[in-house]
Amino acid sequence: MSLWICPLCGKHNSIKHYDPTNFDNDILIILLRGLGKGQGFEEVERYSLLDGSNPELLDLISDRVAVIYDLLYEDVEDDETEDEDDDESLCELEKELRRSEEDEEDDDARALSSCFRDC
């Protein structure tokens, strides 16, 4: 089994079973209460962090997401500036092929970044 580690939360995820399609686009806080030794926990309350109830935690998450965003899109921004210079010498067919390849790379990066919003 192959795993990847989320750079936002450190959680180990199976590559084979990872599918963020149905993840909620919210950051939820879940308050739990212990049921006693060996009895587990029960959920007391669930609410969104985006309502401003814990700005310190939201700042930590926002700062980390910004670092991860830069990690994912740093090369894309560099490539775009290099491509602008190279595009003048390419014929139309080569330009179209390059655009389709870049769109595929962007789709892959978006799929991975969706995890960071939902972890």
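The values are calculated or read from the model by the stated rules, or taken from the named source; none is laboratory data. Source: prediction; values computed, not measured. Using ideal geometry, Cβ is built from the backbone for each residue, glycine included, and neighbour counts are taken over all protein chains shown.
Some notes on this structure:
- Meets criteria (among the polar types (S, T, N, Q), modelled with pLDDT of 90 or more and in contact with a Phe, Trp or Tyr (Cβ under 9 Å, 6 or more places away or on another chain)) for Asn22: no
- Across region 20-40, the number of residues qualifying as of a type in the set (Asp, Glu) and surrounded by 11 or more Cβ atoms within 10 Å (Cβ to Cβ) comes to 1.
- Long-range neighbours under 7 Å by Cβ, at least six apart or interchain, first residue part of a helix (DSSP H, G or I) within region 43-65, second surrounded by 12 or more Cβ atoms within 10 Å (Cβ to Cβ) and β-branched (Val, Ile, Thr): Leu49/Ile27; Leu49/Ile29; Leu50/Ile27; Ile61/Ile27
- Yes/no for Ile15 being modelled with pLDDT of 90 or more, surrounded by 10 or more Cβ atoms within 10 Å (Cβ to Cβ), within 22 Å of Ile68 (Cβ to Cβ) and not basic (Lys, Arg): no
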